[in-house]
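A quick write-up on the structure given underneath.
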Amino acid sequence: MQQFTHVNIMGTRGVPAAHGGFETFAQKLALYLVSRGVSVTVYCQTEGAHDLHGREDYWHGIHRVHFGTRRTGALGTMEFDLACVRHVLNQPGCDLVLGYNTAVFNLAQRYHKRQVYMNMDGIEWKRAKWSLPARAWLLMNEVIGANLSNRPIADHPEIGRHISKRSRILPAVIPYGADVVGAADDEPVRDLGLEPGKYFVSIARIEPENSILEIIQAFQQADTGMDLLVLGRLDQGNKYHDLVRAQACDRVHLPGGIYDDHIVKSLRFHTRAYFHGHQVGGTNPSLVEALGAGNATIAHDNKFNRWTAGEGQRFFSTVQECCEHVQVLARDDLAVFKSRISARERHAVDFRWGDVLAQYEALLVGSLSVQIAAE
């Protein structure tokens, strides 16, 4: 029966991955399913209005449908999501929706009796950056998404508990995955004027809920003589970004966003330790990738990060706590070594791509097999 199976992946900018965690996951899952004999369609968002009616092609055996938009920003994303929903209604198979931000549109799929599986991502409406109307929209769509899905998917046990309060259906808990980084060229590190093993790194969007200012303040107070590399896009006219620039001293490097996978893996692998300041969310891809690279980690102290990072890492709630962790890891090679071992052990338990993708295959292809047998 498997040769008849088909999965439609929606909710990302498409493949190949060039933006963030969901795109990386979509690429990993699509390639994996194709290798297992499952046909896959991935919906891809293009810039501008030249693909308004949908352009189709194939990439590494993956069927891609491209839609452009007349609008930009959030409105453009909504326009894209609606175009994808209209198109998928006439496609075979089941639908995997990554994110719930426009779940109200996905009601059309359930009305047409399609199998819909939705990754519920983090608790998006709690993020401080959203206005009150935006939070209301996101909360409404979270409730809709949790209940329209044949099975909602949570990437973290705490997200699973949160969604179970919203939905009549018990969510599947499947975490995010990351590659194991066992070696990396150090040239990208030296190109940025850094010395391998003598710098700390933060890789995150530059926004208040990711504790970027607190991390910079703690690092400068620690006065270790090492460097801090803060990766993330900095925009002109953004007040928080202006504060970050003003706070940074000579040893704090702000190169902006770096998205080249080879460079990012090198910067992760050769760091003294990784900062993870995220205050909300589920199994954050950046933290999982740090575990896969064997990073000693200093993370914001919350239930999401504690489960993901595990007991072998360090956690902070204040600038002073963060500063103390920096001082310990800067001078204590044994502490760094123990944290690195713990990171690799934690990654091996829950975050290997092979295990994660196999769980998605069991959920999606298993449902398809049942559906085909019933027909």
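Residue separation times 0.36 nm, minus the C-alpha to C-alpha distance between residue 128 and residue 165: what's the value?
11.1 nm
Calculate one ³J(HN,Hα) per residue across the stretch 189-206 by plugging θ = phi - 60° into the Karplus curve 6.51 cos²θ - 1.76 cosθ + 1.60, and present them in order as whole Hz with x for glycine and proline.
Result, rounded to whole Hz: 5, 5, 4, 8, x, 10, 10, x, x, 10, 9, 10, 9, 10, 10, 6, 5, 7.
Could you put 60, 325 in order, starting from the residue whose Cβ has the fewest other Cβ atoms within 10 Å?
Lowest count first: 60, 325.
Rounded to the nearest 5, what is the percent of antiparallel bridges among the DSSP beta bridges in the chain?
Percent antiparallel among DSSP bridges in the chain is about 10.
Working out 0.36 nm times the residue gap between residue 35 and residue 50, then minus their Cα-Cα distance, what length gain in nm do you get to one decimal? Numbers along the way, then the final one.
On the way: separation 15, 0.36 × 15 = 5.40 nm, distance 3.16 nm.
Difference between extended and current length: 2.2 nm.
Lysines near residue 165 by alpha-carbon distance under 21 Å, same-chain residues fewer than 8 away left out - which ones?
Output for residue 165: 126, 303.
Would you please give the FRET efficiency between residue 217 and residue 135, computed as 1/(1 + (r/R0)^6) with r the Cβ-Cβ distance and R0 = 22 Å, to the nearest 0.05? Before the final figure, lay out each step's value.
Working: r = 28 Å, r/R0 = 1.27.
My answer for the efficiency is 0.20.
Once you order the gyration tensor axes a ≥ b ≥ c over the Cα atoms, which shape class does the stretch 187-350 get: rounded for a/c under 1.5, otherwise prolate or oblate by comparing a/b with b/c?
Here the stretch 187-350 falls in the rounded category.
Using +1 at the Cβ of each Lys and Arg and -1 at the Cβ of each Asp and Glu in the chain, identify which of 50, 241, 364 lies farthest towards the dipole's positive end.
The residue sitting most towards the positive pole is 364.
List the residues, sorted by chain then number, that are 5 or more residues from residue 64 or on another chain and whose placed amide H is less than 5 Å from its amide H.
Amide H neighbours of residue 64: 42, 57, 58, 59.
Would you work out the relative contact order for the stretch 187-350, in percent, from Cα pairs under 8 angstrom that are 6 or more residues apart?
Worked out over the stretch 187-350, it gives 25 percent.
Counting DSSP beta bridges in the stretch 15-105, what percent are antiparallel, to the nearest 5?
Just about 50 percent of them are antiparallel.
Short version: ³J(HN,Hα) in whole Hz for each residue of the stretch 298-309, in order, from phi by Karplus 6.51 cos²θ - 1.76 cosθ + 1.60 (θ = phi - 60°), x for Gly and Pro, what are they?
For the stretch 298-309, the Karplus curve yields 10, 10, 4, 7, 8, 5, 5, 5, 4, 5, 5, 6 Hz.
Once amide H atoms are built 1.01 Å from N in the peptide plane, which residues 5 or more positions from residue 299, or in another chain, come under 5 Å H to H?
276, 314, 315, 316
Quick one: 3J(HN,Hα) in Hz for the stretch 273-285, Karplus 6.51/-1.76/1.60 with θ = phi - 60°, rounded, Gly and Pro as x.
Here the 3J(HN,Hα) series is 7, 10, 8, 10, x, 4, 9, 9, x, x, 7, 5, x Hz.
Can you classify the chain as rounded, prolate or oblate using the Cα gyration tensor, where a ≥ b ≥ c are the square roots of its eigenvalues, rounded means a/c under 1.5, and otherwise it's prolate if a/b beats b/c and oblate if not?
Working: a/c = 1.84, a/b = 1.69, b/c = 1.09.
Prolate is the answer for the chain, as a/c is 1.5 or above and a/b outweighs b/c.
Any lysines with Cα under 19 Å of the residue 198 Cα? List them, leaving off those in the same chain fewer than 8 positions away.
Straight-distance partners of residue 198: 265, 338.
Since every read-out is calculated from the coordinates, none of them should be taken as a lab result. Keep in mind the model is a prediction, meaning the values are calculated, not measured. Neighbour counts run over all protein chains shown; Cβ positions are idealised from the backbone, glycine included.
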